[in-house]
Every structure is written in C-alpha cells, then in structure tokens.
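Only one structure is covered here, and it is reproduced in the block below.
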Amino acid sequence: IPQVSYASTAPELSDNTRYDFFSRVVPPDTYQAQAMVDIVRAMRWNYVSTVASEGNYGESGVDAFIQKSREE
C-alpha cells in the first residue's frame, strides 16, 4: 500500500529497503537540523535550548540537531 506522509520526518523512513512504498512531502530531520545549525551560526549564538515532544518524532529531531551542531 503506497503511503504519503506530511508529518513523518524521522530519518529512518528514508531507508528504501525497508520502506519502499513510502514517500514524504517534508524533509527529514537531518535537513531541518542543518537549517537550525545554519541559523545558530548566522546569529553567532553560543548557547541554545531545545524543546521537543517525548518519543521518536520529537526526540529524533533534537538528536539530529545535536549531531549536526557537534559536526560543525
């Protein structure tokens, strides 16, 4: 059954070997996290706080942001 989601941003869903009939219409968390890191850098902030809902949806976005900020 083909599935299209407007809210599924978890990077795991990009695995075409597991979810070959899935298509998202929003970018995965890794893209959103990179945009957030770019904003933090452009504003020259040295401290930020994150707020997210408990569970894979909210926590994976924060995890992606933390990972991207450490890479930068």
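The values are calculated or read from the model by the stated rules, or taken from the named source; none is laboratory data. Predicted model, so just to flag it, every value in this text is computed and none were measured. Cβ sites come from the backbone with ideal geometry, for glycine too, and all protein chains shown count toward neighbours. Calculation scope for accessible area: heavy atoms of the full protein, side chains included, ligands and nucleic acids excluded. Shrake-Rupley method; radii C 1.70, N 1.55, O 1.52, S 1.80 Å.
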Review point. So what is the relative contact order for the chain, in percent, with contacts set as C-alpha pairs under 8 Å and at least six apart?
Key: 32
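Per-residue ellipticity at 222 nm for the chain, helices alone: DSSP H runs ≥ 4 residues times -39500 (n - 2.57), over residue total, nearest 500 deg cm²/dmol?
Numbers: 2 runs with 31 residues, N = 72.
Only helices count here, giving -14000 deg cm²/dmol.
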**Study point:** 1.4 Å probe accessible area per residue over the chain, in Å²
**Key:** 79
**Study point:** Neighbour-limited loop hits for trypsin sites (Lys or Arg not before Pro), the chain (at most 10 other Cβ within 10 Å; DSSP other than H, G, I, E, B)
**Key:** Arg18, Arg44
Study note, to complete from the structure: Measuring from the longest principal axis of the C-alpha atoms of the chain, the long axis of helix 56-71 (C-alpha) lies at a number of degrees, nearest 10, equal to 50
Review point. Hey, what angle do you get for helix 29-43 against the long axis of the chain, alpha-carbon based, 0 to 90 degrees rounded to 10?
Key: 20
Practice item. Determine the share of the chain's accessible area contributed by carbon and sulfur atoms, expressed in whole percent, with a 1.4 angstrom probe. Key: 54
